[in-house]
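**Q** Once you've had a glance at the structure underneath, I'll fire off some questions.
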Amino acid sequence: MSFGFENCQRMQAMRFAVMEINHNPGLLPNITLGFEIHDSCTVLQRAIAGTLQLLTGLGQSLPNYRCRQNTPLAAIIGHSISTYSMLIAHILGLYRYPQISHFSTSSLLSDRTQFNSFFRTVPSDTFQSQGLTQLLIYFGWTWVGLVAIDNDYGQEAIQLIKNEILKAGACVAFTENILRNRRDRNAPHIVRVIKESTAKVVIFFTTVPSLVPILEEILKQNVSGKIWVASESWATSPLLLVDKYITLLSGTVGFALYRGTIPNFKYFLNGIHPSTSLGAEWVKIFWEQAFGCKFLVDKNLTVSNESSIKECTGSENLETLQNDYNDISNLRVTYNIYIAVHVIAKALHDLSMCTKGNGPFANGTCADVWKFKPWQLLHYMKRVHLRMSSGRELFFNENGDPPALYDIVNWQLGPDGRIRQVTVGSYDTAAESGNDFTIDTNAVQWGIGKKQIPISVCSDSCSPGYRKSSISGKPACCFQCVLCPQGEISNQTDSVDCSKCPWDMWPNLQRDVCMPKPHEFLSYEDSLGTTLAVASVSSSFVPIVIFVLFIRYKTTPIVRANNYSLSCLLLISLSLCFLCALIFIGQPQLLKCLLRQVTFGIVFALGVSCILTKTIMVVLAFNATKPGSSLKKWTRPLVYYYSVVICVVIQTFICILWLLLKPPFVEDNTQIKSGIIVIQCNEGSPFAFWCMLGYLGLLATISFIVAFFARRLPDSFNEAKFITFSMLAFLSVWLSYIPASLSARGMYTVAMELFAILSSSWALVICMFVPKCFIILFQPHMNSKEHIMGKERNVPIKVKSF
């Protein structure tokens, strides 16, 4: 060990622990625990040589021999460097000597197949990686950089945390190595990568000596706006608490080994003296460094020498010092050494308390505490349970690792202008699930005077209503925000997928909430529905007015000549045609759906049948007047009525079959219009509907054809001409309705049918009755038998009235 004040404190902690155990009557009674300390000077060869000397028991190493028989070697504490501990563990594992480290954190040492006798009082880097990942996720840092030293500690740790980060859904912006074989430690390149990266958070897995060149280069390149996350190896290092790093390191957050307390330890530290302490030579070196003096062995030194060297008198007081040696406010590694000694003592105590016949070894035998074998103590080491002064219990899992406990520290600028390492939280794997990670966010400072948590993401969060879409060739944390498709929402930030709304709901404009879909139907409250309803009702009065007019003038020739009875029946049917539009308006209900098309079909069948009958009767009446015609019998009124009834009955039969086999029903249609529930009447059988409509078209077509060929009959007021025009208009309306209805959506489909109903009805009224009404009201001189028969014609026309 080097003679830094911290190392002196750790050496004294071991002495103190042994002394405390030896003075404890309840622990290893009548047994004195001893120790040896070997200084490796952080040189691997000296660490291995010291290990072999401990095994031999002599000043020189003799492999496979134990020369000191009276004092069995219980266990070895160390090394602090993971790489050194691995090599030592390979040697000690051959002999199954328990080895316990106070500062080796590499997760490789948890491999029981290689290091079957290795233990440690410090957590494995596996736990640190898990804890650091939780820290990143807690603060929302999903885009981070990693920098590690190129040794076992750094490379293993960086792989562990990279895996943990990826499992947590975060991403690594870059990974750089601090190269120990280069004088500049590759600092210019590393800092340039850090500066150019968009990642605001950088995690360092390195030792303090290798970190210093990086910090110097950061200052040189003037990198700012970054947050440094420290691993336990430098999170509480006092060597970095210098003025030039204040601005740079302020706001640093990291994991530190648990800070413990050792009762009465400060009194013990201040009681050390070169004349009374074990290892007096080491204590003298420490004393000279602490007080800046020299123990003068030769009293005959020259005056010049004496004047330049302050003599150590031995009366100096350690209590007057304020340095890392007697500062017990931050006992972390020192505390782990203290606990390691107590763990070994507890295992020895358990071994000594074995009852013969109930021992753990063959035939219930026990080990002799004075002559035990290494593997026997190893058995107890694996099962040791030690209650510490804090109340926590230390034990080892199957890999020789203790429960992990870290302090989360934050580097803050104190009132005195110096950096303080403030504990702001903890990570404890032994705590209950959900309570293992705790942090006081309000106590954290992110730089000088900054309280707001920094943001370190590759892409800004996607707000509700959007989903994340990956960008080709980039990590998962780099994405673009895509608006949710129509009919889908996302109600959380950074949603990966959008979810569909229920069938009766639809997203709002922001697409973050599903709202009930509005219901659409042709309502009386809508302007379109109101207009059609008013048009329907007002139009229905026109045939009634004409009907009254016909009744008043029923004895006139023009009324008598156009078959008064059929005309009245036609007017009544036309009024019903106008009124049947009302059944299509309003919220669809089952009864409405069953009756509306049927009513429309039968009423229009009645009207078109009347026109067809009138058309046929015009032709028959003209031909029946010819001498010798046998058609006179077909011009009787009963024939008219039968003709109308038969046509209506056929339509009625079609409608009844429709209602019986596949009747219409009310349907909530969500497919017609996005975001709207169209309440409509499903016709049940489209085939039946088109059969009904086709039958009307057939009647109208026959009427048109017959009237067309009869349009040149010799009379002054040939009704066949008007029937031709009326049927032509009727057929044009309904032929136009077919493509219009197929292209319309929602309530407009119904509106198109109503428009067709009203238009075709008006076509019949205008073409069939308006000319007659005009003559009756405004040209009464034309309403005479002579005019209808035609003065210039010699062909007699028989006019019959019914």
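The values are calculated or read from the model by the stated rules, or taken from the named source; none is laboratory data. The shown structure was predicted, so the numbers you read here are calculated from the model rather than taken from an experiment. Note that we place each Cβ from the backbone using ideal geometry, even for glycine, and neighbour counts take in every protein chain shown. Note: accessible area is taken over every heavy atom of the protein model, side chains too, but ligands, DNA and RNA are not part of it. Shrake-Rupley method; radii C 1.70, N 1.55, O 1.52, S 1.80 Å.
**Q** Using θ = phi - 60° and the Karplus relation 6.51 cos²θ - 1.76 cosθ + 1.60, list the HN-Hα couplings for the stretch 10-15 in order, rounded to whole Hz, with x at every Gly or Pro.
**A** These are the phi-based 3J(HN,Hα) values: 5, 4, 5, 5, 5, 4 Hz.
**Q** Could you order the peptides 566-579, 16-29 from most to least packed, using the average number of other C-beta atoms within 10 Å per residue? Show your work: numbers first, answer last.
**A** Values: 566-579: 22.6, 16-29: 15.1.
So the order, starting with the most tightly packed, is 566-579, 16-29.
**Q** Using a 1.4 Å probe, how large is the accessible area of residue 704, given in Å² and rounded to the nearest 10?
**A** Result for residue 704: roughly 50 Å² accessible.
**Q** Ordered by residue, what ³J(HN,Hα) values in Hz, to whole numbers, does the stretch 598-610 give under the Karplus form 6.51 cos²θ - 1.76 cosθ + 1.60, where θ = phi - 60° and Gly and Pro are x?
**A** Calculated HN-Hα couplings, in order: 5, 4, 4, x, 6, 5, 5, 4, 5, x, 5, 5, 4 Hz.
**Q** In nm, give the distance between the simple-model label positions of residue 735 and residue 431, each being 7 Å from the Cα along the Cα-to-Cβ direction.
**A** 8.4
**Q** Also, quick follow-up: With 28 Å as the limit, write out which pairs from 167/382; 220/474; 167/468; 356/382 have Cα-Cα distances beyond it, or answer none.
**A** In this structure, 167/382; 220/474 lie more than 28 Å apart at Cα.
**Q** What does the convex hull of the alpha-carbon atoms of the stretch 64-184 project to on average, in nm²?
**A** 9.8
**Q** Unpartnered cysteines of the chain (Cβ-Cβ under 4.7 Å counts as a partner)?
**A** 8, 41, 67, 568, 577, 580, 610, 647, 655, 691, 767, 773
**Q** Counting each pair of different Cα atoms once, what's the Kirkwood radius of the stretch 150-272 in Å, rounded to one decimal?
**A** Value: 16.1 Å, from the Cα pair sum.
**Q** Ok, one more. Using a Förster distance of 60 angstrom, determine the FRET efficiency expected from the C-beta separation of residue 669 and residue 779, and round it to 0.05.
**A** With R0 = 60 Å, the Cβ-Cβ based efficiency is 0.70.
**Q** Fully extended, how many nm does the chain gain between residue 689 and residue 239 (0.36 nm per residue separation, minus their Cα-Cα distance)?
**A** Working: separation 450, 0.36 × 450 = 162.00 nm, distance 9.23 nm.
Net length gain for the segment: 152.8 nm.
**Q** Related question: Calculated from the structure, Rg and Dmax of the Cα atoms in Å equals which of [x] 28.3, 98; [y] 52.7, 175; [z] 61.4, 200?
**A** Step by step, Rg and Dmax of the Cα atoms in Å for this structure corresponds to label [y].
**Q** Could I ask something else about it? Relative to the longest principal axis of the chain, what angle (0 to 90°, nearest 10) does the C-alpha long axis of helix 719-743 take?
**A** 10
**Q** Is the stretch 1-64 rounded, prolate or oblate when judged by the Cα gyration tensor, a ≥ b ≥ c being the square roots of its eigenvalues, rounded requiring a/c under 1.5 and prolate requiring a/b larger than b/c? Walk me through the numbers before you get to the answer.
**A** Working: a/c = 4.26, a/b = 1.36, b/c = 3.12.
The shape class here is oblate.
**Q** Taking R0 as 22 Å, what FRET efficiency do you get between residue 656 and residue 759 from their Cβ-Cβ distance, rounded to the nearest 0.05?
**A** That gives a FRET efficiency of 0.20.
**Q** Using a 1.4 angstrom probe and counting only protein chains, how large is the accessible area of residue 369 in Å², to 10?
**A** So the heavy atoms of residue 369 present about 30 Å² to solvent.
**Q** Identify, among 480, 335, 682, the residue whose Cα sits farthest towards the positive end of the charge dipole of the chain, taking +1 on the Cβ of Lys and Arg and -1 on the Cβ of Asp and Glu, with the dipole about the Cα centre.
**A** In the chain, that residue is 682.
**Q** What order do 81, 656, 337 take when sorted by accessible area (1.4 Å probe), most exposed first?
**A** Correct descending sequence by accessible area is 656, 81, 337.
**Q** Mind putting a number on the dipole of the stretch 644-726 about its Cα centre? Charges go on the C-beta only, +1 for Lys and Arg and -1 for Asp and Glu, and I need it in Debye to the nearest 20.
**A** Dipole size: approximately 260 debye.
**Q** Taking the Cα-to-Cβ direction at residue 297 and at residue 497 and moving 7 Å from each Cα, how far apart do the two end points lie in nm?
**A** 8.0
**Q** Taking θ as phi - 60°, what are the ³J(HN,Hα) couplings along the stretch 196-201 by the Karplus curve (6.51, -1.76, 1.60), each to the nearest whole Hz, with x for Gly and Pro?
**A** Once θ is set to phi - 60°, the couplings for the stretch 196-201 become 7, 6, 7, 5, 8, 10 Hz.
**Q** Based on the Cβ-Cβ distance of residue 682 and residue 525, what FRET efficiency does E = 1/(1 + (r/R0)^6) give at R0 = 30 Å, to the nearest 0.05?
**A** Using R0 = 30 Å, I get an efficiency of 0.80.
**Q** Now for a separate question. Which aspartates and glutamates have a Cα lying under 20 Å from the Cα of residue 294, excluding residues fewer than 8 positions away in the same chain?
**A** The qualifying aspartates and glutamates are 281, 306, 311, 316, 319.
**Q** May I ask you to derive the relative contact order of the chain, considering only C-alpha pairs under 8 Å and at least 6 residues apart, and to give it as an integer percent?
**A** This gives 10 percent for the chain.
**Q** While we're here: How far is helix 280-291 tilted, in degrees, relative to the longest principal axis of the Cα atoms in the chain, given as a value from 0 to 90 rounded to the nearest 10?
**A** 70
**Q** Could you give the distance between the Cα centres of the stretch 648-667 and the stretch 577-619, to the whole Å?
**A** Here the two parts' Cα centres lie 13 Å apart.
**Q** Ordering 679, 455, 48 from largest to smallest accessible area (1.4 angstrom probe), what's the sequence?
**A** 455, 48, 679
**Q** Sticking with this one: Protein chains only, probe 1.4 Å: how do 524, 245, 95 rank by accessible area, largest first?
**A** 524, 95, 245
**Q** Relative to the longest principal axis of the chain, what angle (0 to 90°, nearest 10) does the C-alpha long axis of helix 152-167 take?
**A** 20
**Q** Now, a different point. For the chain, with only Lys/Arg (+1) and Asp/Glu (-1) charged at the beta-carbon, what is the dipole magnitude about the Cα centre, in debye rounded to 20?
**A** 4600
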